[in-house]
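Taking it in order: structure first as structure tokens, then the write-up.
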Amino acid sequence: METEKYPSYGNWVSANMIRKFIAVFVMIGIVDAALWFLEDWLWLKILFAFFTVFILACIVYFHRARRWFAADGGDIQNKVLDLLVSYIHWNGNGIALDIGCGSGALTIRLAKKYDEANITGVDYWGGGWGYGQKQCEENAVIEGVADRTEFRQASAAKLPFSDDSFDLVVSNLTFHEVRDSKSKLDLVKEALRVLKRGGGFVFQDLFLLKSFYGTTDELTAAVRTMGVNNLHFVDTSKSSFIPKALKLPFMVGAMGLLYGEKQ
């Protein structure tokens, strides 16, 4: 009897990251314990004890956050994607691009929602997340949309597509992770470059981080100069389904959403 297969979309808090924290905790703990056998260096003992407690707190926090994001936990990961999709205004005719597709979750969600559309997902797939092109393709097969999805490796800083290629462009929590672009606004501009005139876009990222995007007014003013119509900004970090503990800047506490059309 053939075992039923299920898609694997991973978790935004990777198990690998938690394992690294545990390894650091063990190493610091060993050093701290050894120091207490010495008569002097009280300040160093206290310092290592502080770091041991801090790392332990990080392990507990990220383990809990992983449960919140998981589909069988708080399901926050899917709810964030649903939130982005709810701002898409598209008839589903044509082709769409998902920038930073990760495990293919949003790309596949769009293919299932718009059954006449073809969706391309691109990602750099760095080693830190544990995602990959093969995983995306396998998920698409399991979800029954492999014939209308394509996955390619590419950087959001230099998309391998001609100008005005797509009818819809989306991106979820990707721009802030891109390392090969000094300006995050350049990534927004590059995403708009491949969007057809009259096409729609929905970008969700940590847009409330002033160090990346400036103030909200500065962000929207900059994007308007890129040739867009009906630009809207939504502070999605205030969404009621997000637990307070996740509303930290390095999680989704700085999350915002831009949507509109290209002129």
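The values are calculated or read from the model by the stated rules, or taken from the named source; none is laboratory data. Keep in mind that this is a model prediction, so the values were computed, not measured. As a convention, Cβ positions derive from the backbone with ideal geometry for all residues, glycine included, and neighbour counts pool all protein chains shown.
Summary of computed values
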{"read-out": "In region 48-106, the residues that are outside any helix (DSSP H, G or I), over 27 Å from Tyr259 (Cβ atoms) and of a type in the set (D, E, K, R)", "value": "Asp72"}
{"read-out": "Within region 106-122, tally of residues that are among the small types (Gly, Ala, Ser) and in contact with a helix residue (DSSP H, G or I) (Cβ under 6 Å, 6 or more places away or on another chain)", "value": "2"}
{"read-out": "Selected residue (criterion: surrounded by the most Cβ atoms within 10 Å (Cβ to Cβ)) from residues of region 1-14 that are in contact (Cβ under 8 Å) with a residue 24 or more places away in the chain and of a type in the set (S, T, N, Q)", "value": "Asn11"}
{"read-out": "For Met17: the one exception among (1) surrounded by fewer than 12 Cβ atoms within 10 Å (Cβ to Cβ); (2) in a helix (DSSP H, G or I); (3) in contact (Cβ under 8 Å) with a residue 40 or more places away in the chain", "value": "(1)"}
{"read-out": "Residue match in region 49-72 (condition: surrounded by fewer than 16 Cβ atoms within 10 Å (Cβ to Cβ), under 30 Å from Glu150 (Cβ atoms) and not small (Gly, Ala, Ser))", "value": "yes"}
{"read-out": "Scope region 155-171; condition over 13 Å from Cys101 (Cα atoms), of a type in the set (Gly, Ala, Ser) and surrounded by 20 or more Cβ atoms within 10 Å (Cβ to Cβ); matching residues", "value": "none"}
{"read-out": "Evaluation of Asp32 against (1) of a type outside the set (Phe, Trp, Tyr); (2) part of a helix (DSSP H, G or I); (3) surrounded by fewer than 19 Cβ atoms within 10 Å (Cβ to Cβ); (4) at pLDDT below 90 (one fails), failing number", "value": "(3)"}
{"read-out": "Looking only at region 108-148, and only at residues there that are among the small types (Gly, Ala, Ser) and either touching a Gly at 6+ places or on another chain (Cβ under 8 Å) or closer than 16 Å to Leu173 by Cβ (or both), the one that is surrounded by the most Cβ atoms within 10 Å (Cβ to Cβ)", "value": "Gly121"}
{"read-out": "Only listed residue being in contact with a Ser or Thr (Cβ under 8 Å, 6 or more places away or on another chain) and closer than 30 Å to Lys247 by Cα, chosen from Phe203, Phe151, Phe175, Phe166", "value": "Phe203"}
{"read-out": "Selection status of Phe37, buried (at least 16 other Cβ atoms within 10 Å of the Cβ), more than 23 Å from Val178 (Cβ to Cβ) and at pLDDT below 90", "value": "no"}
{"read-out": "Filter result (over 21 Å from Leu106 (Cα atoms), among the small types (Gly, Ala, Ser) and touching a helix residue (DSSP H, G or I) at 6+ places or on another chain (Cβ under 9 Å)) within region 176-221", "value": "Ser181, Ser183, Gly214"}
{"read-out": "Of all residues in region 178-220 being aromatic (Phe, Trp, Tyr) and closer than 22 Å to Gln263 by Cβ, the one that is surrounded by the most Cβ atoms within 10 Å (Cβ to Cβ)", "value": "Phe207"}
{"read-out": "Enumeration of residues in region 107-124 that are under 16 Å from Glu138 (Cβ atoms) and among the small types (Gly, Ala, Ser)", "value": "Ala111, Gly121"}
